[in-house]
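So the structure is just underneath, and the comments pick up after that.
Read-outs: derived from the displayed coordinates by stated rules, not from any lab. Computed from a prediction, not measured in an experiment: that's the story for all the values here. Neighbour counts run over all protein chains shown; Cβ positions are idealised from the backbone, glycine included.
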Amino acid sequence: MTVISTQDLVRRFGDVVAVNGLTFDVERGEVFGFLGHNGAGKTTTVRLLNGVLSPTSGTMRLFDLDPVEDGPALRRRVGVLTESPSLDERLTARENLKIYAELYDVPAADVSARVDELLGQFDLSERADSRAGEFSKGMKQRLALARALIHRPELLFLDEPTSGLDPMIAHQVHELIAGYAAEGRTVFMCTHNLYEAQRLCDRVAVLEHGHLLAQGTPHELASRYARSQRLEIEATPATLPLALKTLNKMSGIEDVEAQNHSVISCSGATQETIPDIVALLVAGGVRIVRVTPLEASLEDVYFALHEHAAKGAQS
Ligand SMILES: Nc1ncnc2c1ncn2[C@@H]1O[C@H](COP(=O)(O)OP(=O)(O)O)[C@@H](O)[C@H]1O
Ligand SMILES: [Mg+2]
């Protein structure tokens, strides 16, 4: 089932075209990553999909409803963690959640149990009755995420959910998102953190200046767009120095690094050149134990896509 569907979505602010002809679908149960630099149009897209902004042109549907017209019907099914969520700092964590529970029509009889459950899940039980204003940044973000989930939404929007968090807290937030997605719910997540996208997303779309450069699974994008592969080569320890020397002299091969006493990694290889690399090493006296091509990371893909787009713009 398609949960989000857009067709040629455009949003201008005066002369700025923030969103410039977006067409994409998000299926139920997917974690969909919306990747792009600052200013690419991610937040504008989230605000359009949430009915906060109207499109200049194009169409969009959430659960086959119109985000602008059908706001009240959608509110119950959708949760949002905005880019800079504002908590009521004078209220306690528990009170912040209770207010949202009422706002999102959680049945009065269920509110206490739901609030306690979320406080537990998000590791906030001990500070449930402290004011949010006293919380660290990580605690505030966890509370904001708990708040977005208060009504068990089927679809969750996350706008840069870990931006500005330290790595330990970011990791915790990743676990919480993964747990939520594992319940078969749909997540639309904006990020410029490629590691986060690689870790959490089933499918990603790469956005630049309001345009989609590409969309697909990380695997699809890696095989379509990454120019070269990283290669891992295992040799006998005695011939490893020889392998290093030979690889360093090969044209097109870069970032040659010994991982340990018997494994080297390098970049710049392609499917076509791997046999030649192996032949040269063997001819040079290297005794090879194993050659493993490593899939390009989303980071490789991201940079290849932007480079490609920049070249296209020049020509
Ligand atoms: N309310 C607004 N008024 C004018 N320009 C805006 C507004 N919101 C966003 N923009 C512009 O739209 C572009 C996309 O912004 P945004 O969607 O916030 O990008 P991202 O979230 O990817 O960083 C930027 O050039 C930004 O300055
Ligand atoms: Mg943004």
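Tabulated data
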quantity: Distance cut-off 24 Å, percentage of C-alpha pairs in region 195-315 lying past it; calculated: 38
quantity: Cα-only radius of gyration and Dmax that characterise region 161-240, units Å; calculated: 16.9, 53
quantity: 21 Å tail of the calculated P(r), region 247-315, as % of Cα pairs; calculated: 36
quantity: Cα pair distances exceeding 12 angstrom across region 147-191, given as percent; calculated: 63
quantity: Percent RCO, i.e. relative contact order, over region 2-223, from Cα pairs under 8 Å lying at least 6 residues apart; calculated: 30
quantity: With Cα atoms, 0 to 90° folded angle of helix 108-121 axis to the chain main axis; calculated: 30
quantity: Computed Kirkwood radius, in angstrom, where 1/r is averaged over Cα pairs of the chain; calculated: 22.1
quantity: Taking 195, 225 and counting other C-beta atoms within 10 Å, the order from fewest to most; calculated: 195, 225
quantity: Rounded to whole Å, sorted largest first: equivalent-ellipsoid semi-axes of region 214-261, Cα gyration tensor; calculated: 30, 13, 7
quantity: Square roots of 5 times each gyration tensor eigenvalue, C-alpha, region 6-52, largest first, Å; calculated: 20, 12, 10
quantity: Relative contact order, percent, region 227-295 [alpha-carbon distance under 8 Å, six or more residues apart]; calculated: 50
quantity: Surrounding net charge for residue 38, when Lys and Arg each add one and Asp and Glu each subtract one, Cβ distance under 15 Å; calculated: -3
quantity: Cα centroid of region 89-120 to Cα centroid of region 204-251, whole Å; calculated: 47
quantity: Separation of alpha-carbon centers, region 272-315 and region 19-53, rounded to whole Å; calculated: 32
quantity: On Cα atoms only, tilt of 240-249 relative to the major axis of the chain in degrees; calculated: 80
quantity: Loop-located GluC sites (Glu not before Pro) in region 208-300 whose Cβ has at most 15 other Cβ within 10 Å (DSSP); calculated: 272, 295
quantity: Computed E for residue 288/residue 311 - FRET, C-beta separation, R0 41 angstrom, nearest 0.05; calculated: 0.70
quantity: Degrees, to the nearest 10: 298-314 long Cα axis against longest axis of the chain; calculated: 90
